[in-house]
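The values are calculated or read from the model by the stated rules, or taken from the named source; none is laboratory data. Computed from a predicted structure; not experimentally measured. Every residue, glycine as well, gets a Cβ built from its backbone with ideal geometry; the counts of neighbours run over all protein chains shown. For the accessible areas, the whole protein counts, side chains as well, though only heavy atoms, and no ligand, DNA or RNA atoms are used. Shrake-Rupley method; radii C 1.70, N 1.55, O 1.52, S 1.80 Å.
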Amino acid sequence: HIVATVDNLGRPKIATRMVPAKPPTGAFGAVGTEGNLVLGAANFTRYTPWVDLVDGLDADATVELYRKLYPQLQQAYEELGNPDGYFNDRVIAVIDHLLATPEPPDTIALARPNVFFEFADPALEAESSGRKLLLRMGPGNAARVKMKLRDIRDRIAS
């Protein structure tokens, strides 16, 4: 599940049934009226427990565990249909992809064509699942996650 989730973060869709973590609690935080909806700051707080968890990871211990589990992670990556690829290369590529997430506008407009909300801006809606996650968690939370990702990336790339 971890390997599939990492792999999907750089793709347009993520298989939610494969994500090993529960989604944030509470309702999605859209504010405004129909036709004038924006992503509300209350939505950002939904992600705080997850961001605190990521931010609190000891990078050295995390990378040590990653290296210890790497043979199993590589095997799972191959079983996902990547017999000639290396999971570590994919991890670095996904981290680089997430670190390059565009800075969002101050207000992110939303649309609700069906049951679920979408970004009204087609360029934001076309972003990968991982980049959209960073956008939904808000700039402060995203900055904390990116800082930890940089720290971990530096360790596994060497």
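Worth pointing out:
- Against the chain, whose longest principal axis comes from its Cα atoms, helix 87-99 is set at around 30 degrees.
- Size of charge dipole - the stretch 1-82 - debye, nearest 20, with Cβ of Lys, Arg +1 and Asp, Glu -1, no other charges: 280 debye
- For the stretch 26-116, the solvent-accessible area works out to 63 Å² per residue, with a probe of 1.4 Å and every protein chain left in place.
- Compared with the direct C-alpha span, the chain from D154 to V31 gains 40.5 nm at full extension, assuming 0.36 nm per residue.
- Summed over qualifying helices (DSSP H, 4 residues or more, each -39500 (n - 2.57)) and divided by its residue number, the chain shows a 222 nm mean residue ellipticity of -16500 deg cm²/dmol.
- A dipole drawn for the stretch 1-73 from +1 and -1 charges on Cβ atoms has a positive end, and of P23, P12, V51 the residue lying farthest that way is P12.
- Surface share of carbon and sulfur [accessible, 1.4 angstrom probe, percent] for the stretch 24-138: 57 percent
- Spatially proximal aspartates and glutamates relative to K13 (Cα-Cα < 14 Å; intrachain offsets below 8 disregarded): E118, E125, E127
- Structure-derived P(r) over Cα pairs in 5 Å bins from 0, in percent: which label, when the choices are [x] 1, 8, 15, 16, 15, 12, 10, 9, 7, 4, 1; [y] 2, 9, 17, 20, 17, 13, 9, 7, 4, 2, 1, 0, 0; [z] 1, 8, 16, 21, 21, 14, 9, 6, 3, 1, 0: [z]
- Counting 0.36 nm for each residue step from L80 to T48 and taking away their Cα separation leaves a gain of 8.4 nm.
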